[in-house]
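So the structure is just underneath, and the comments pick up after that.
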Amino acid sequence: MLLSRVAERVYWQARYLERAENVARLLHVFSALQLDLPKGTKLGWQTLVQITGHEEQFVEKYKQENERNVVRFLLAERNGISLVDMLAFARENARTTREIMPTEAFELINGLYYFARDNAEAGISRAERNEILDQIVSRSQQIGGLMAGTMSRDEAYSFVRLGRSLERADMTTRIVDVDSQKLMPELEVEDAEPEAREPYENILWMNVLRSSSAYQMYRQHVRERINGEDVVRFLLQNEQLPRSAAHNLTTMTKVLRNLPNSNKVNWQVNKTRKLVRDADVNRLLRRGLVRHLDSVQKEIAQVHFKIADTWFLPGNS
Amino acid sequence: MRVNWKTYNSGKFFDEIISSPGYARKPARRLASYLRSLTHEELQQKKTAAELAIKTMGISFTVYSDAGNIDREWPMDIIPRLITGSEWNQTSKGLQQRLEALNCFIHDIYNDQKILKDKIVPEDLIMDSGNFRKQCLGMKPKYNVWAHICGTDLIKGDDGQFYVLEDNLRVPSGVSYMVENRRVTKRTFPELFADDYSIRPVADYPAELLDMLSSLSPRQVKHPEVVVLTPGIFNSAYFEHSYLAQRMGAELVEGGDLVVEDDKVFMRTIDGLSQVDVIYRRIDDMFIDPAVFNKDSVLGVRGLFNAWKKGNVALANAPGAGVADDKIIYTYVPEIIKYYLDEDPILSNVPSYLCVDRKQRQHVLENLDKLVVKPANESGGYGMLIGPQASKKELAEFRRRIKADPRNYMAQPLISLSTVPILGDRVVEPRHVDLRPFVLQGDKSYVTPGGLTRVAMVKGSYVVNSSQGGGSKDTWVVDDA
C-alpha cells in the first residue's frame, strides 16, 4: 500500500536524480565541443541555459553568458536550479522515503550528493570538470542499476520509473531543440559559406548524440553519416534507444498498467507519444521544429499534472 | 604513540574497562590488549573510517538552532562499552519488573485508582501532574498495557551497580542509533567479533517491535496494518522514525496522511483509503488530536483519540501513559512495584528528595549547591540545575522556582557516573556515560541486550544528550565464550 505522499516523493526523487545526470551530460558534451572548435571561437554557452529553461534567472544574476558563468550557474551555485541543488533535492526526497527504498540506494544518493557538493566548485574550471562530471554520471547510473537490481516491481518502483522516464523524455526533446546558429554564432560571421560550417555541424550533432549516450547506437542503427535529420529522428522516434523520447513514453505506458486509476494519465501519455512518433521530421527540420518541440514539451508537462492529479493530491479517495 | 593504559586514570570514578592504571577488568582484557596492539595511526584510521561510514550511511540527527534545523552526522566513539551477560540478565529482569509494575500503575490510575485510595501515592500528585489525561479515564487498552515501549535511563555508580535515573514512557528515542552503532562497529573492528568476544546481537529489535505492535491490533487479521506516525522531517528524531518504519516494513505517516471516518483510522494511498490498525506514534500526547488536546496542532489527526477510545485502533504508547514517567512519580516506583507485584525491586532508584514534602524541601534548599534539581516533566536534560556547577544567579533562580512550584521539582545527589575510555585525537581518556535500554511490553515483554550508551564527550561533563554535544558508544553484552 503506497501512501500518496510517499509516491510523490519517490517520483520527484527519480526526476531530480535524472535531471542532475542530464545536466552533467550536457555540461560534459559542451565542454568537449568547445575543444573541437577553431581557435578563438567561442561557443554560445547561453544555449545550455535555454535548454534547461532558466534564462530569466540567469540574466538576473549574470551580465555575461560565458563558459565560467554558465557552468557556475548550472553546476555549483546554490540557486535551486544547479546540479548540486538537484542532488540536494533528490537526497531530501530520498531521505524522506528511506522507509521504502533499499538502504543502499539512499546511501548511494547521499554519497553522490556529498561528492557533488564538495567538488562542484572545482568543476567550474576546465581542468577537473570532466573527471567530476564523469563521476556524477556514472554514480547516477549506479543508483539506477542498484534500484533495478534490488527493488521489488511494486508501486514504489513504478513511480521511480515514471519520474525517470518523464524526465528523460523531456530532456531529450530539449536537447534536439539546440539551434546550431546560436550555438556557434562566430562561425557564421567568420565564414558565410555553408560548406565551411558543415564539419562543425557534424561535430555538433555528434556531440548531441553523445550527450544521450547515443553515438554508438546511432552508428549501429542508422549507418548514415551523421546529419541533423537522422539525429533528430533517432533521438525523438527510435523505440529501442533508452534515452529517446518515444522509448520513454512507451515505457510509461507499460508502467501505468501496474498502477491503479491510471486511465487519465495513460490517455495523456498516449497523446504525447503519438505526437512524437507521427511527426514528419524531415519537413519539421525545414520549418516548424521549434514549434513542434514546444508543443511536445507542453504535452509532457500535462502528463505530469495528470499524474499529480491522480495520485498525489490529498483526498483522492 | 600506542594506547597506554598505565597513564589512563579515571581518578575517583568507577571505570568500566580499567580498574586501576594499567589493569583492565577481566571481561575487558582482550579489548584493552587489542586496542594496545594497534598503532596510533591505525586507531585514527579506524576512527576516520567510522566517521565516513556514518556519513555515507546517512546516520543523522537534527539539531534545532537559530540558523534553522541542521541535519548532523550521529556522533559515535568507536571504543565499545562492555557489560557481562550475567550482569545484564539480572538488569534485564529488573527492567521488565519495573515496566510491568508501571503499567499496572497507569491502568489503575485511569480505572479503579486503588493505589490512591490506599494512600500509597498521594492523589493530588496525580491530579496536578502535567501528564495526567482525564480524557483517558475508564479506558482499558489490550492486555491492560499502556506503555508499550519504554526507554529506561540507567547509570552506574561508584559501586559499579546500575541505578535507574528515569523512566521514559512517552516517546523515548535512540534505539535506531543502538542498532546502527553496532553496524558501524562491525565495520570498524571486525576482528573482535566472534574470535575474541561472543556479543549478543541487537539487530532484531525492529522485528521484536513489529511483533509487539502487531499483537496490539484490534482487528484479528494475519497482517495488521502498522504505521509509524512522525511529526515530520524537522523533528530531531526523524531519522529514527523512518529507520524503524523501514526496518519493520511499516508505513511512515504524517498527520496529513491519515483521516478518521466513522471512528476508524485510514491512510491516503494511491489506491484510495486504507484502514490502519496500530499506530506507533512518535508525537506527544498533546498533539495527536486537535479535537481533544492542543487545538492548534497540525501534526495530529482529528478524531484519532475517539477512534482509540472506541477500540478501533491501537496507539503505542497509549495517551496518558506519561503519567508514570513524571520525575516525582519516579520516587514512588519502589512502592509501586511492591504494591502491584508484591516483589522487591530488582533495580534501585537513585536516592531522591521531593520538594513538595516540607522537610525534604528544606533539605534541598539548604544543599542546593550539592544537588541536581529536575523539573517533573521535561526531557532531553532541559530545565535542570546541576548544583555544584551552577552560578550564584542560577542557584537563586532555582530557589525561587522551587518555592513557587514545589510539586514540579525533585532533587538528587550528584551521582558519580561511571566512566569508559573514548578515543581522543591523541590519547584515550575517561568520559562519563549512561545507558538507555529499551523495554517492550505487549502480549509478552522484551529487553534489548544492552541499549544506547550515551557519553559526555567533554572532560568532566555529565551532559550526555546528543542535542547538547553528547556522543554515543556501541554497547556489548558479552557472554563467556
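The values are calculated or read from the model by the stated rules, or taken from the named source; none is laboratory data. Just so you know, these numbers come straight off a predicted model, no measurement behind them. As a convention, Cβ positions derive from the backbone with ideal geometry for all residues, glycine included, and neighbour counts pool all protein chains shown. Accessible surface areas use protein heavy atoms only, side chains included; no ligands, DNA or RNA. Shrake-Rupley method; radii C 1.70, N 1.55, O 1.52, S 1.80 Å.
What to note about this one:
- A:N119 vs. criteria assigned to a helix (DSSP H, G or I) and in contact with a Lys or Arg (Cβ under 7 Å, 6 or more places away or on another chain): no
- Some residue of region A:285-307 being within 14 Å of chain B (Cβ to nearest Cβ) and either in contact (Cβ under 8 Å) with a residue 12 or more places away in the chain or among the polar types (S, T, N, Q) (or both): yes
- The set of residues in region B:217-228 being in a loop (DSSP other than H, G, I, E, B) and within 14 Å of another protein chain (Cβ to nearest Cβ) consists of B:V221, B:H223, B:P224, B:E225.
- Residue match in region A:57-72 (condition: assigned to a helix (DSSP H, G or I), within 14 Å of chain B (Cβ to nearest Cβ) and open to solvent by 10 Å² or more (accessible area, probe 1.4 Å)): no
- If only residues of region B:247-258 that are more than 8 Å from chain A (Cβ to nearest Cβ) and either among the small types (G, A, S) or in contact with a Lys or Arg (Cβ under 8 Å, 6 or more places away or on another chain) (or both) are counted, the one that is surrounded by the most Cβ atoms within 10 Å (Cβ to Cβ) is B:L258.
- Residues that are surrounded by fewer than 19 Cβ atoms within 10 Å (Cβ to Cβ) and out of contact with any Leu (no Cβ under 9 Å at 6 or more places or on another chain), drawn from region B:97-112: B:D112
- The numbered conditions (1) aliphatic (A, V, I, L, M); (2) at pLDDT 95 or above; (3) closer than 22 Å to B:N465 by Cβ are all true for B:I106 except (3).
- As a summary of the residue check, A:M147 satisfies the conditions (1) open to solvent by less than 10 Å² (accessible area, probe 1.4 Å); (2) within 25 Å of A:L35 (Cα to Cα); (3) not charged (D, E, K, R) except for the one numbered (2).
- For region A:99-108, filtered to residues that are part of a helix (DSSP H, G or I) and facing chain B (nearest Cβ under 9 Å), the residue that is nearest to B:R247 (Cα to Cα) is A:T103.
- Of the numbered criteria (1) among the polar types (S, T, N, Q); (2) more than 14 Å from every other protein chain (Cβ to nearest Cβ); (3) surrounded by 22 or more Cβ atoms within 10 Å (Cβ to Cβ), the one A:N130 fails is (3).
- Subset of region B:68-116 [more than 24 Å from B:P334 (Cβ to Cβ) and of a type outside the set (A, V, I, L, M)]: B:G68, B:N69, B:D71, B:R72, B:E73, B:W74, B:P75, B:D77, B:P80, B:R81, B:T84, B:G85
- Test set (1) more than 24 Å from B:V179 (Cβ to Cβ); (2) free of Cβ contacts under 8 Å to residues at least 24 places away in the same chain; (3) touching a strand residue (DSSP E or B) at 6+ places or on another chain (Cβ under 8 Å) - B:M267 fails condition number: (2)
- Yes/no for B:V298 being assigned by TED's automatic domain parsing to the domain that holds B:V228, more than 19 Å from B:R133 (Cβ to Cβ) and open to solvent by 10 Å² or more (accessible area, probe 1.4 Å): yes
- The set of residues from region B:259-278 being more than 8 Å from chain A (Cβ to nearest Cβ), open to solvent by 10 Å² or more (accessible area, probe 1.4 Å), of a type outside the set (V, I, T) and in contact with a Lys or Arg (Cβ under 8 Å, 6 or more places away or on another chain) comprises B:D263, B:Q275.
- Unmet criterion (only one of (1) more than 30 Å from B:G255 (Cα to Cα); (2) of a type in the set (D, E, K, R); (3) in contact (Cβ under 8 Å) with a residue 12 or more places away in the chain) for B:D289: (1)
- Search result, residues across region B:235-246 that are of a type in the set (A, V, I, L, M, F, W, C) and within 11 Å of another protein chain (Cβ to nearest Cβ): B:F239, B:L244, B:A245
- Any hit, region B:154-164, residues being open to solvent by 40 Å² or more (accessible area, probe 1.4 Å) and not in a loop (DSSP other than H, G, I, E, B): yes
- First in region B:383-398 and aromatic (F, W, Y), second anywhere and at pLDDT 90 or above and surrounded by 14 or more Cβ atoms within 10 Å (Cβ to Cβ), Cβ under 7 Å, 6 or more apart: B:F398/B:L368; B:F398/B:V373
- Every pair of residues 6+ apart whose Cβ atoms lie under 6 Å, when the first sits in region B:38-58 and is within 14 Å of chain A (Cβ to nearest Cβ) while the second is surrounded by fewer than 17 Cβ atoms within 10 Å (Cβ to Cβ) and not aliphatic (A, V, I, L, M): B:A53/B:R187; B:I54/B:E73; B:K55/B:E73
- Just one of (1) open to solvent by less than 10 Å² (accessible area, probe 1.4 Å); (2) touching a Lys or Arg at 6+ places or on another chain (Cβ under 8 Å); (3) over 19 Å from B:Q412 (Cβ atoms) fails for B:M139. It is (1).
- If you filter region B:142-188 down to residues that are among the charged types (D, E, K, R) and in contact with a Phe, Trp or Tyr (Cβ under 8 Å, 6 or more places away or on another chain), you find that the one that is nearest to B:S60 (Cα to Cα) is B:E180.
- Verdict on B:K295 being within 20 Å of B:G232 (Cα to Cα) and over 25 Å from the mean Cα position of the chain (by Cα): yes
- Residue match in region B:204-216 (condition: in a strand (DSSP E or B) and surrounded by 16 or more Cβ atoms within 10 Å (Cβ to Cβ)): no
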